[in-house]
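Asker: Sharing a structure with you now.
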Amino acid sequence: MTALLAAERIEAGYGDSRAVAGVSLAVEPGEVLALVGANGAGKSTLLRVLAGAHRPDAGRVLLHGDDVTQVRDFERNRLGVSLVPEGRRLFASLTVRDNLEIGAGSRRTGTWTVDTVVDALPMLGDLLERNASQLSGGQQQAVAIGRGLMSNPEVLLLDEVSLGLAPIVIDELYASLAAVRRGGLGIVLVEQDLERTVAVADRIACMLEGHAVLEGTPATLTRAQITDAYFGHEVASW
Amino acid sequence: MTSLVPGEVRVDRLRRRMITVQIIGAGVILALAMAPYVFEPSITSQWIKLFYLITLATAWNLLAGFAGMVSVGQQAYIGLGAYGVFVFNDLGLDPYSSALVASLAIGAIAFALSFVAFRLRGGYFAIGTWVIAEAARQIVIRFDSLGAGRGRGISDYTADPVMRNLFTYWLALGIVVATLIGTLFLLRSRLGVALQSVRDNEVAARALGVDVSRAKRIVFVLAAVMAALAGAVICLQQIGVQSPSQIFSVSFSAFMVFMVLIGGIGTLEGPIIGAIVYYVMDLYFSQMGLWYLVVLGVLAIAITLFLPQGIWGALRSRFDITLFPVGHRVVATSRPAGAAPAGPGEPRPNRTTDATAASATTEG
Amino acid sequence: MVIVNALVQGVLLGGLFAMAALGLSIAFGILRVVNLAHGEIMTVGAYLAAVALSSLGVDVWVSLLLVVPLLGVVGYWVQRLLLQRALTLGELAPLLVTFGIAIIIPNALIELFTTNKQAIPTGSLAVRSIRVADGVSIGVLPLLTMVIAVLLIAGTQQFLARTRSGRYMRAAADDSDTLRLMGVDHRRVYASAMGLAFAIAALAGVFFGMRQGGVTPFDGQLMVLFAFEAVIIGGLGSLWGTLAGGIVLGVAQTLAGVVSPELPLLVGNLVFLAVLVLRPTGIVRSKVVA
């Protein structure tokens, strides 16, 4: 069976330093795959490789079994892969509505429109005409997620959603992720916060220093296994 | 990353190389100074042009290549340098002293103008310098004593054409030598290091306490003085200024950009090579008329896009050579015990199989 | 009355400068490229119009229908083929490339057309004027230029604010990498913005040519400085600021012209330098539009 989006033995880095060293993983339709690991484990780089924003040194990226490794970021978005980048990266001089509408740049059609995004992320309701630079961190993150949905993707790649946000805001964002999961949308969630990821994920992959060291479902993995893999006390070879 | 412990490294300022350069340089300068006794004046007077071209290219490279300031208005100082010869010559100085005094006066003018020009950055700085050059020309032509819009000749000049040529040759040689030596020492000084840090990352340089605007201002003034000296030489060689629009022409900036780009921006050697290339092209192709300038423009674009390090940069990266010792390298005097060396070219631990090795992984 | 007349003419001249400045402002606002060849693009626009007039025998207004879109396409491809590569090479490269273009164009024009003025006849339009008071009359052509400049600025503002392409341009100015993640090729957006800048430059060039009765190869060097001065006086990044800057520059020049016909350019430049020293952020304070 071909996965929705798969990485095969990806190696990637910056100059001489190797951030991702031979990682394979796959996400199925309707599944939330959480990619956990400490800072610097290579999660974000892997996510950027999946989105086409970073060129891997080796390995393949497959979308529905088709090799899309050479497909550039903006073209990959048109094929249904949408990255919500680390640090939100909103267009600061534009309004929330403009940010959302630019998210529909690939002109893919589907159920996500400005209205349905606001339904799923209610905190955006009153903010549409506000300037993106005037929003709080949590509001910005909600816009970034909404903007990522506007291209009606098949796979949504979420990078460090909770970074720098207050716990109560994170709770709200994670609650709305449930509303976002529909129509077979596959989600890859990069997160440092173990608690929350374990709660929402269908499957967990743990990265340590560029390697995928552990993979399983929240039900089959013990806490100790995850924390060990996270901090690298005992490296299980995969 | 291998950590370097203080005491185990020394900073090599290439002092050895510096001595070699000094000896060879002194020989070359002496030979060039004696050249008028060997070659016909018709030949050495040709070299005057090469000397002022090298001066101009070096000055522009100092501005753009080392301090990151793209000026398209250096013709302001070339023109003022030429007209300065008239001003001080009319006051009773001989033309050669006039050239030197004028260049100092223009340095003071450039210092004042830097407070205007530095209000702008990047591309707007470039056009700002151009406006200043236009304004300088428009002010100069207001003076009837300077020939208004018609240009004028040097009134009090050595009558003997041989002596005139000889003195101008030596002046031009002295100027280019002083320019090159001055630039070499400037770049080896603390200021030079500061400048290069500004060029590489102005914000970081500021954060580290580099007085950025002071460093830039010094370069701005020096480059103006160099351009003024070159302008004075042009004036002396032509025994005057043919027209203000010629000596204040933006084409001078085009030539400077071209010479520096083709030779290699941000190196000391590049502008010299670029000036020689331009000089030779000028000898053979200037009869093409203005198509020649069109070709220069096309070449400048092509080099910018496809050979951004220029001829010298390409040679240097190919053969790892430098003529002038600018900068420094850090040399480990003893290996830090225990830590594996990770210098370039040496085998590095294979991180892909050794997951426990501390890796310099960065995450985007 | 002489002063009042000079003021009126200066304000109208400001419309022309604003039109010239608009393209420069768009290129800088969206691409952060200072186009040193902006004046030369205006000159090329005027030359193309002059050629269309003399060889095709069309009206100057018809020639605009050819010249403006043509230069828009040229701008698109100059961006795609030359400037896009330069942008990836650092801050100096785009400047040097546009400076190269600024050197190529006037010299090529001299070789092709000599230094003689190429006429851009406008029929009676150039001489027609409306008498407002004793000694004060408004030329129809300068008035038309001002109206079109205002419409262009307003139109550009609306285009950037309201249309999909305009939104992309503003987003590309903010963060082109992220725009790519949205499925938009930022290179096309940049190229379209440069095409728009070139098209407006061509239009401004033709109006400049109409005012002068023709065009010479050297006009570009003059016009790029006027355009640039209007942008800086008005305040970087502000579209309406270009109009204010253009008017200040125009008034300075025409008032100086009352004193002596040789003074306008010098006084214009000095006013610019004075504004730079006294109000480095320009006279119009507004948020960056693009």
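Asker: Wholly within the range C:22-140, which helices (runs of 4 or more DSSP H) include no fewer than the required count, namely at least 3 residues that are within 14 Å of another protein chain (Cβ to nearest Cβ), surrounded by 15 or more Cβ atoms within 10 Å (Cβ to Cβ) and in contact (Cβ under 8 Å) with a residue 12 or more places away in the chain?
Answerer: Counting at least 3 such residues, we get C:38-51, C:92-113.
Asker: I need the full set of residues from the range A:158-192 which are open to solvent by 70 Å² or more (accessible area, probe 1.4 Å) and more than 14 Å from A:PRO122 (Cα to Cα), in order please.
Answerer: A:LEU163, A:GLY164, A:PRO167, A:ILE168, A:ARG181, A:ARG182, A:GLY183
Asker: May I pose another question? Do the conditions hold for A:ALA144, that is, is it among the small types (Gly, Ala, Ser), assigned to a helix (DSSP H, G or I), in contact (Cβ under 8 Å) with a residue 12 or more places away in the chain and within 14 Å of chain C (Cβ to nearest Cβ)?
Answerer: Yes; evaluated as a whole, the condition is true for this residue.
Asker: Confirm whether C:ARG164 is without any contact (Cβ under 8 Å) to a residue 24 or more places away in the chain and within 14 Å of chain A (Cβ to nearest Cβ).
Answerer: So C:ARG164 passes the test.
Asker: Further, regarding this structure: If C:ASP174 passes every condition in (1) farther than 21 Å from C:LEU36 by Cβ; (2) away from chain A (no Cβ under 14 Å); (3) charged (D, E, K, R) but one, which one does it miss?
Answerer: Only one criterion is unmet by C:ASP174, namely (2).
Asker: Sticking with this structure for a sec: Any idea which of (1) farther than 30 Å from C:PHE159 by Cα; (2) open to solvent by 10 Å² or more (accessible area, probe 1.4 Å) is the one C:ARG211 doesn't satisfy?
Answerer: For C:ARG211, the failing item is (1).
Asker: Read through the list (1) of a type in the set (D, E, K, R); (2) open to solvent by less than 10 Å² (accessible area, probe 1.4 Å); (3) under 16 Å from C:LEU31 (Cβ atoms), then give the number of the only condition that C:GLU229 fails.
Answerer: Every listed condition holds for C:GLU229 apart from (3).
Asker: If we keep just the residues of the range B:134-157 that are part of a loop (DSSP other than H, G, I, E, B) and open to solvent by less than 50 Å² (accessible area, probe 1.4 Å), which is nearest to the other protein chains (Cβ to nearest Cβ)?
Answerer: Filtering the range B:134-157 for residues that are part of a loop (DSSP other than H, G, I, E, B) and open to solvent by less than 50 Å² (accessible area, probe 1.4 Å), the one nearest to the other protein chains (Cβ to nearest Cβ) comes out as B:GLY147.
Asker: Please find, among B:ALA223, B:ALA205, the residue that is touching a residue at least 24 places away in the same chain (Cβ under 8 Å), open to solvent by less than 20 Å² (accessible area, probe 1.4 Å) and of a type in the set (A, V, I, L, M, F, W, C).
Answerer: On the way: B:ALA205 fails: touching a residue at least 24 places away in the same chain (Cβ under 8 Å).
On inspection, the qualifying residue turns out to be B:ALA223.
Asker: List every residue pair whose Cβ atoms sit under 8 Å apart, with the two residues 6 or more apart in sequence or on different chains, where the first one lies in the range A:63-82 and is at the interface with chain C (Cβ under 9 Å from one of its Cβ atoms) and the second, anywhere, is part of a loop (DSSP other than H, G, I, E, B) and of a type in the set (Ser, Thr, Tyr).
Answerer: Listed by first residue and then by second, the contacts come to A:ASN77/A:SER151; A:ARG78/A:SER151; A:SER82/A:SER151.
Asker: If you check every pair at least six apart or on different chains, which have Cβ atoms under 6 Å apart with a residue in the range A:13-40 that is more than 8 Å from chain B (Cβ to nearest Cβ) and more than 11 Å from A:ILE187 (Cα to Cα) first and a residue that is open to solvent by 30 Å² or more (accessible area, probe 1.4 Å) and of a type in the set (Lys, Arg) second?
Answerer: Between residues of the range A:13-40 that are more than 8 Å from chain B (Cβ to nearest Cβ) and more than 11 Å from A:ILE187 (Cα to Cα) and residues that are open to solvent by 30 Å² or more (accessible area, probe 1.4 Å) and of a type in the set (Lys, Arg), the close pairs are A:SER24/A:ARG9.
Asker: I'm checking my understanding of the structure. Among residues of the range B:301-324 that are charged (D, E, K, R) and without any contact (Cβ under 8 Å) to a residue 40 or more places away in the chain, which one is least open to solvent (accessible area, probe 1.4 Å)?
Answerer: Among those that are charged (D, E, K, R) and without any contact (Cβ under 8 Å) to a residue 40 or more places away in the chain, it is B:ASP320.
Asker: Only one of B:LEU91, B:LEU104 is touching a residue at least 60 places away in the same chain (Cβ under 8 Å), out of contact with any strand residue (DSSP E or B) (no Cβ under 7 Å at 6 or more places or on another chain) and farther than 28 Å from C:GLY29 by Cα; which?
Answerer: B:LEU104
Asker: Among the residues of the range B:256-290, count how many are of a type outside the set (Ser, Thr, Tyr) and surrounded by fewer than 24 Cβ atoms within 10 Å (Cβ to Cβ).
Answerer: Of the residues in that region, 15 qualify.
Asker: Which residue is nearest to A:GLY80 (Cα to Cα), if the candidates are limited to the range A:92-118 and must be facing another protein chain (nearest Cβ under 7 Å) and under 21 Å from the mean Cα position of the chain (by Cα)?
Answerer: Selected residue: A:SER106.
Asker: Does C:VAL248 count as assigned to a helix (DSSP H, G or I), β-branched (Val, Ile, Thr) and either over 30 Å from C:VAL78 (Cβ atoms) or free of Cβ contacts under 8 Å to residues at least 60 places away in the same chain (or both)? Full working, then the answer.
Answerer: Values: assigned to a helix (DSSP H, G or I): yes; β-branched (Val, Ile, Thr): yes; either over 30 Å from C:VAL78 (Cβ atoms) or free of Cβ contacts under 8 Å to residues at least 60 places away in the same chain (or both): yes.
Yes.
Asker: Any residue in the range C:169-197 that is farther than 28 Å from C:LEU70 by Cβ and open to solvent by 20 Å² or more (accessible area, probe 1.4 Å) sitting within a Cβ distance under 7 Å of a residue that is part of a helix (DSSP H, G or I) and of a type in the set (Asp, Glu)? List the pairs, counting only those 6 or more apart or interchain.
Answerer: C:ARG180/A:ASP73
Asker: With the range A:22-97 as the region, which strands (runs of 3 or more DSSP E) entirely inside it contain at least 1 residues that are under 24 Å from A:TRP112 (Cα atoms) and either of a type in the set (Ser, Thr, Tyr) or open to solvent by 20 Å² or more (accessible area, probe 1.4 Å) (or both)?
Answerer: Here the list reads A:81-84.
Asker: Can you tell me which condition C:VAL289 does not meet? The list is (1) facing chain B (nearest Cβ under 10 Å); (2) at pLDDT below 90, and all the others hold.
Answerer: The one condition C:VAL289 does not meet is (1).
Asker: Answer yes or no: is there a residue in the range C:51-73 that is modelled with pLDDT under 95, closer than 18 Å to C:ALA227 by Cβ and β-branched (Val, Ile, Thr).
Answerer: no
Asker: How about the range B:25-50: which of its residues are more than 21 Å from the chain's Cα centre (by Cα), surrounded by 11 or more Cβ atoms within 10 Å (Cβ to Cβ) and aliphatic (A, V, I, L, M)?
Answerer: B:ALA33, B:ALA35, B:ILE43
Asker: Any idea which of B:VAL101, B:VAL87, B:VAL131 is part of a helix (DSSP H, G or I) and open to solvent by less than 20 Å² (accessible area, probe 1.4 Å)?
Answerer: B:VAL131
Asker: Here's a follow-up. Pick out the one residue from C:GLU229, C:GLU262 that is of a type outside the set (A, V, I, L, M), in contact (Cβ under 8 Å) with a residue 24 or more places away in the chain and within 13 Å of another protein chain (Cβ to nearest Cβ).
Answerer: Among C:GLU229, C:GLU262, only C:GLU229 is of a type outside the set (A, V, I, L, M), in contact (Cβ under 8 Å) with a residue 24 or more places away in the chain and within 13 Å of another protein chain (Cβ to nearest Cβ).
Asker: Being part of a helix (DSSP H, G or I) and surrounded by fewer than 18 Cβ atoms within 10 Å (Cβ to Cβ) is the filter here, so list the residues in the range A:98-120 that pass it.
Answerer: Hits for the range A:98-120 are A:VAL114, A:ASP115, A:THR116, A:ASP119.
The values are calculated or read from the model by the stated rules, or taken from the named source; none is laboratory data. If you're wondering where the values come from, they're calculated on a predicted model, not measured in any experiment. No Cβ is skipped: glycine too gets one built from the backbone with ideal geometry, and neighbour counts run over all protein chains shown. Areas reflect the complete protein model, heavy atoms only, side chains present, ligands, DNA and RNA absent. Shrake-Rupley method; radii C 1.70, N 1.55, O 1.52, S 1.80 Å.
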